Amino acid sequence: MDRRRFLTLAPLALGVSGMLPFLGGCRQDDPLRVSYHPWIGYETLYLAERFNWLPDAARLTRRQSASESLAALQKHEADAAALTLDEVIRARLQGMDLVVVMVFNVSAGADALVVHESIKRLEQLEGKRIGAEGSAVGAMLLDRVLEKAELTREQVTVVDVPADRHLAAWEAGEVDAVVSYEPTVSQLRRAGAVLMADSRDFPDTIFDVLAVRRDCIEHVEHTLLGLVDAHFRALEHLRFNRQDALYRIADVESVTPADARRALGGVLLPDRRANQRYLSPGSRLTVAAAELERRLGAGNGLGNGWYSDAFLPRSHARAG
């Protein structure tokens, strides 16, 4: 379950070519190729495919990481991808013209800081080794935690640990605390780590979204509308047939239903109306984007037109 490694691997995926314009574009009759990777907030796509709710022209590819999805977008092997907001912003700043058309989920506990049992207060992180991914999401949550503790990065030792090594690093005693996300957080807690803070303490900060290449949008409009509608249909199944959905998700992600349930409890899954609010000028999504942009040192690099609610069911088109 590796949803946030793009920023550590992005130079490999994009390199100098990330600054170049796309070669070619989508044609009117081309299928909509959508890339995603294992993460609880994206599994509505899996459910929609499993129940044959996707439009005929939609093609899903399940990859191992966000870096693979970004590379597929760059190489024209994908037209859209499920990504975190920070991944979209970083990609745009490196030359990829992506448009956010839907919000999958907002983290509300799924991202967390866990610590050694001897650490009782945030201030006691001073001088400690904190493991975290080298991504904007991990860095942002860590910065928020340090701000709350009234500490600077110079007062702690930040250890760059990939998500798939969080548990191993903890068990090997390489770190005193870890910034991670579900289901790894639950695994860390079972290994003795103590929850100290999570994304509920910093609401509306971490978003997962569907982003589409701008040069494809007008050619796949009908299919994109159907794809977004299928997501909301799967979301309804998740809400009203929760046990069935949890077992299906647990099976495809190779975790227990209990882990899937716990991970799902750490995210908010916005419905159509909530999506319309997020994809509006001055929304919490746009505020979070501006904050991420500032942390990436870009200033006003996003420009206009980076999000649109035109593909939400029964919504009026509006772009920002």
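Restricting attention to segment 84-105, and to residues there that are modelled with pLDDT under 95 and within 10 Å of the chain's Cα centre (by Cα), which single residue is nearest to Asp215 (Cα to Cα)?
Result: Val88.
Would you call Glu182 outside the structural domain of Glu43 (by TED's automatic domain parsing) and closer than 19 Å to Leu83 by Cα?
Values: outside the structural domain of Glu43 (by TED's automatic domain parsing): yes; closer than 19 Å to Leu83 by Cα: yes.
In short, yes.
Do you know which residues across segment 111-141 are in contact with a Lys or Arg (Cβ under 9 Å, 6 or more places away or on another chain), of a type in the set (A, V, I, L, M, F, W, C) and not in a strand (DSSP E or B)?
Scanning segment 111-141 gives Ile119, Leu122, Ala136, Val137, Ala139, Met140.
Out of the residues in segment 134-175 that are of a type in the set (Lys, Arg) and in contact (Cβ under 8 Å) with a residue 40 or more places away in the chain, state the one that is nearest to Ala289 (Cα to Cα).
Top of the filtered list is Arg144.
Each row is one residue, and each column tells you yes or no for (1) touching a Phe, Trp or Tyr at 6+ places or on another chain (Cβ under 6 Å); (2) closer than 20 Å to Tyr307 by Cβ; (3) surrounded by fewer than 16 Cβ atoms within 10 Å (Cβ to Cβ).
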site	(1), (2), (3)
Glu221	no, yes, yes
Leu224	yes, yes, no
Leu227	no, yes, no
Asp244	no, no, yes
Asn275	no, yes, no
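What are the residue pairs meeting all of these: first residue in segment 295-320, first residue modelled with pLDDT under 95, second residue basic (Lys, Arg) and surrounded by 11 or more Cβ atoms within 10 Å (Cβ to Cβ), Cβ atoms under 6 Å, and 6 or more apart or on different chains?
Pro313/Arg272
Among the candidates Ser65, Ser35, which residue alone is in contact (Cβ under 8 Å) with a residue 60 or more places away in the chain, touching a Lys or Arg at 6+ places or on another chain (Cβ under 8 Å) and polar (S, T, N, Q)? Working first, answer last.
Details: Ser35 fails: in contact (Cβ under 8 Å) with a residue 60 or more places away in the chain.
None of the other options fit; the residue is Ser65.
Scan segment 188-216 for residues that are closer than 16 Å to Arg262 by Cβ, within 20 Å of the chain's Cα centre (by Cα) and surrounded by fewer than 21 Cβ atoms within 10 Å (Cβ to Cβ) and report the count.
So the count comes out to 1.
Do you know which residues across segment 247-267 are more than 19 Å from Arg63 (Cα to Cα), surrounded by fewer than 21 Cβ atoms within 10 Å (Cβ to Cβ) and not basic (Lys, Arg)?
Matches in segment 247-267: Tyr247, Thr256, Pro257, Ala258, Leu264, Gly265.
The values are calculated or read from the model by the stated rules, or taken from the named source; none is laboratory data. Just so you know, these numbers come straight off a predicted model, no measurement behind them. Virtual Cβ from ideal backbone geometry, glycine too; neighbours counted across all protein chains shown.
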